Amino acid sequence: MLAQPRGGSWPRRLRRRIALILLACFMNLQAQSVDSEPRIDALLARMTLEEKAGQMSQSTSMRSPLSEEIKEQIRRGRWGSFLNAGSAADRAEAQRIATRESRLGIPLLFGRDVIHGYRTIFPIPLGQAASWNPELIRQAARAAAREAAADGIHWTFAPMIDITRDPRWGRIAESLGEDPYLTATLGAAMVRGFQEEGLAACAKHYAGYGAAEGGRDYNTTWIPERLLREVYLPPFQAAREAGVLTFMSGFNALNGIPATGNEFLLRRVLRGEWGFDGFVVSDYESVTEMVRHGVARDAAEAALRALRAGVDMEMVSTSFYDHLPALVRAGKADPKLLDEAVRRILRIKLRLGLFEPEAPPATASIQPLEVARRLSAQSVVLLKNRDGVLPLPKGIGKIAVIGPLADSPVDQMGTWVMDGRAEEVITPLAALRNLLGPDRVLWAPGLKNSRDGSRAGFPAAASAARSAEAVVLFLGEEQILSGEARSRAFLGLPGAQDALVEEVAAAGRPVIAVILAGRPLTFSSVASRARAVLYAWHPGTMGGPALADLLFGNAVPSGKLAVSFPRTAGQVPVYYSHLHTGRPPAPDESGIPTGTPVEPKGFTSKYLDVDVTPEYPFGFGLSYTTFEYSNLRLSAAGVPRGAAITVSADIANTGRLEAEEVVQLYVRDPVASVARPVRELKGFERIRLKPGEKRTLRFSLSTGQLAFYDERMQRVTEPGLFQVWVAPDSVRGVAGSFTVR
Ligand code: NOJ
């Protein structure tokens, strides 16, 4: 990004030059995609059916060192792509064979799960989302892309932009949370970051995968089209608009039709409505899994179904290669569909410059560890800070560092880490020793790991607590409890962690709980015993220094939850943008008469045994300072359809520390032809304020942003009253209203 010079704008000549360079880059990309088509035509004309099916196949079988069998297959054009394969040297050798020794010289495409970092590991995506900082997230993606590309990787299977409202689902860790607007904004930032450094991104898992029944991974999803189009698809459309080069079809059956055989998703929406011209890869064996779904008799039928639906490349299973050539010869598969799929794959290979490998142009330098430290700090959410116990005074005597997650590099990195190295991770224990000196840090793990049920380590932990002025307790869940196929039915702290907290709290020292986890956990007994709670997710390589910065005030917490935290697993799904229902449990917060008096206790939509609200709402996060929101103004009382209105409010830092705040814009359409959510996020901005500083923030809200799908599934903005909030989270804020004419 080109920063403006301080105290003025760029001179006009320079601005013109920058504009010309940007235009030239854009034209070049355009020209490249137009120019590539004749070249693809020429290749297609020479390819055998087997070579075409080979391009449409991705293998996971490339081991180190390269076997003679694989070398021979590459020469034959058996594979178009490899996944998570070999070493950098193996990839270089395989590419040499593909480009020099195969008949057509078509380069291989090396894909890898570079999910939240390559060698430098950034916080898990759900943690990154809590930063609400698209620019920093884009920088992290750039850093990851640069490290991966240097090792011969061309393509990452990220970002995962599945909306999910279920913390039981282990893959919530890989998501950007529950909200379509936030996920779309941050997902697009990731796409840009990866692709700016030449790493193709992949929008996954298309679509609906995050709505798995019961939070059980790979499970069925039922999503009515209105919900699909308003909540689950917008992040994918945003990725498409950000220029994402590939999509991955999900494992799930969507409304009974597997996403990998789903013509509605892949042909009608993705290609038809959004005009996507890149390619779609299946998720692992999701093509042949259609047999187990019960929608194909055998692998041949599954291959045909996936091809027709619009899958271009098959990952791992081999039904395309095994059956498509024969199906074409038998007149059962349309050869045009194969040509179309191969065209898309070659187009991306050309767009990535794989046919003309040359040194990538030098771009501005990135300091991965610096980005990681900032992103880790900004992803941490302060959930409680009684009596301002945090930040701890730097002159404090001894602190006790307790809990298994204070010094567990692998757990700190979190799920989906293939290339991060445990020995490069700086744990909180190491960072605190470094900051305070080893003598001021009393360390007792208490438990061997988060699942440990033994109390053998408790006496040492209690004694450390008694000898210290304050206790920093690191709790949560290990890496292996979150991620793919890691669903949980209970969301509490595993093992004997609750008992450890009790034991340590009995020492009577102030307890600060730091929770490292891949999902929202339920931990109310810890929260009630601890004076402060920091939610740190799995914060990655630089999580230790970032937490030390926050604990001692070298950084101020500014993260906000990207997902609602339930009070208990029994409340799931709990999310902020729910519908109001005809029997809401609390008076209508809008203050607008709904016509029906609300019955506070009786027959309303609630639980008998737990408050219906979340433990911590979406958008929530405290700071070491306080912010005051006031004076919401609208640029007009009404706005004609098609125009925009400006919503402004004053935000003041009323505390004693300079800090950042994520200011959020929400709207509600209280009376419409279709019931609308109680609030919907429509904008946000991260601002920095000095103590005593007040700033007016302006959001432009177009009437298009108020649109929804009506009864006939037409996208409409209906005239009438709209409410708007400028807010620190999804339940508070300063409110106003305006009308759309
Ligand atoms: C299966 C996962 O669902 C997907 O997210 C991942 O990219 C592929 N495996 C490749 O490892």
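The values are calculated or read from the model by the stated rules, or taken from the named source; none is laboratory data. Being a predicted model, the structure only gives us computed values, none of them experimental. Cβ: placed from backbone, ideal geometry, glycine included. Neighbour counts: every protein chain shown. All accessible areas refer to the heavy atoms of the entire protein, side chains included, with ligands and DNA or RNA removed. Shrake-Rupley method; radii C 1.70, N 1.55, O 1.52, S 1.80 Å.
At full extension, Ala506 and Glu196 could sit 106.3 nm farther apart than now, given 0.36 nm per residue minus the alpha carbon distance. In the chain, helices alone account for a calculated mean residue ellipticity at 222 nm of -8500 deg cm²/dmol, with every DSSP H run of four or more residues adding -39,500 (n - 2.57). Taking a Cβ cut-off of under 13 Å around Arg455, the surrounding Lys, Arg, Asp and Glu residues balance to a net charge of -3, with basic ones at +1 and acidic ones at -1. Global size of the range 10-351: 19.8, 67 Å for Rg and Dmax (C-alpha atoms, Rg to one decimal, Dmax whole).
Using per-residue counts of other Cβ atoms within 10 Å, averaged over each peptide, order 237-243, 74-80, 136-142 from highest down.
The peptides rank, most packed first, as 136-142, 74-80, 237-243.
Legend: distances between Cα atoms for Lys398/Lys690; Lys52/Lys332; Lys398/Lys560; Lys52/Lys336; pairs beyond 21 Å are Lys398/Lys690; Lys398/Lys560. Model label sites at Glu273 and Ala485, defined 7 Å from Cα along the beta-carbon direction, differ in position by 3.4 nm.
With unit charges on the beta carbon (Lys/Arg positive, Asp/Glu negative), name the residue among Phe523, Pro65, Val441 whose Cα is farthest towards the positive pole of the charge dipole of the chain. Value computed over the given set: Val441. When only the Cβ of Lys, Arg, Asp and Glu is charged (+1, +1, -1, -1), the dipole of the range 368-551 relative to its Cα centre reaches about 460 debye.
Within the range 285-320, find all residues whose amide N lies under 19 Å from a label point positioned 7 Å from the Cα of Glu213 along Cα-to-beta-carbon. Within reach of a label on Glu213, which here means backbone N under 19 Å from a point 7 Å along Cα→Cβ, the range 285-320 contributes 289-296. Phi-derived couplings, Karplus 6.51 cos²θ - 1.76 cosθ + 1.60 at θ = phi - 60°, listed residue by residue for the range 127-132: x, 4, 4, 5, 7, 6 Hz, with x used for Gly and Pro.
Would you kindly calculate the translational diffusion coefficient of the chain, applying Stokes-Einstein with the Kirkwood radius from alpha carbon pairs, for 10 °C and a viscosity of 1.306 mPa s, and quote it in µm² s⁻¹ without decimals? Present the calculation step by step, with values, prior to reporting the outcome.
Working: Rh = 27.3 Å.
Estimated diffusion coefficient is 58 µm²/s.
When the range 368-551 is described by a simple charge dipole with +1 on each Lys and Arg Cβ and -1 on each Asp and Glu Cβ, the residue from Ala460, Ile480, Gln378 located farthest towards its positive end is Ala460. Here is what passes the span test in the chain: the DSSP H helices with alpha carbon length of 18 Å or more along the helix axis and a Kyte-Doolittle mean of 0.0 or above are 12-46, 180-196. Averaging Cα coordinates gives a centre for the range 181-218 and one for the range 644-666; these two points are 28 Å apart. Scanning residues 5 or more positions from Ala400 or on other chains, those with amide H under 5 Å from its amide H are Leu442, Glu469, Ala470, Val471, Val472, with H placed 1.01 Å from N in the peptide plane.
Database remark: amide H of Lys682 closer than 5 angstrom to the amide H of Leu665, Tyr666, Val667 (H placed geometrically; neighbours at sequence offset of 5 or more, or on other chains; Pro and chain starts carry no H). In this rough spin-label picture, where each label sits 7 Å from Cα along the Cβ direction, the Thr739-Arg695 distance is 3.5 nm. For the pair Asp334 and Arg63, the difference between a 0.36 nm per residue extended length and the Cα-Cα distance amounts to 94.1 nm.
Here the Karplus curve 6.51 cos²θ - 1.76 cosθ + 1.60, taken at θ = phi - 60°, turns the phi angles of the range 211-228 into couplings of 9, 3, 4, x, x, 7, 4, 6, 7, 4, 10, 10, 9, x, 4, 5, 5, 4 Hz, with x standing for Gly and Pro. Ranking of Lys690, Lys384 by solvent-accessible surface, largest first: Lys690, Lys384 (1.4 Å probe, protein heavy atoms only, all chains present). Dipole magnitude for the chain: about 1520 debye, using +1 per Lys or Arg Cβ and -1 per Asp or Glu Cβ, origin at the Cα centre. Taking 7 Å steps out from each Cα toward its Cβ at Lys398 and Ala586 produces label points 4.5 nm apart. Seen from Thr703, the other residues with C-beta closer than 13 Å to its C-beta sum to a net charge of +2, counting Lys and Arg as +1 and Asp and Glu as -1. Once the Cβ-Cβ distance of Val674 and Thr646 is raised to the sixth power relative to R0 = 35 Å, the FRET efficiency obtained is 0.85. Potential lengthening of the chain between Leu608 and Arg297 amounts to 107.2 nm, from the contour at 0.36 nm per residue minus the alpha-carbon distance.
At a 1.4 Å probe, what is the % contribution of carbon and sulfur to the accessible area of the chain? Display every interim value, and only then the final one.
Values: 15270 of 29410 Å².
Whole-percent figure for carbon plus sulfur exposure: 52.
Applying a DSSP loop filter and a limit of 11 other Cβ atoms within 10 Å to the GluC sites (Glu not before Pro) in the range 100-208 leaves nothing.
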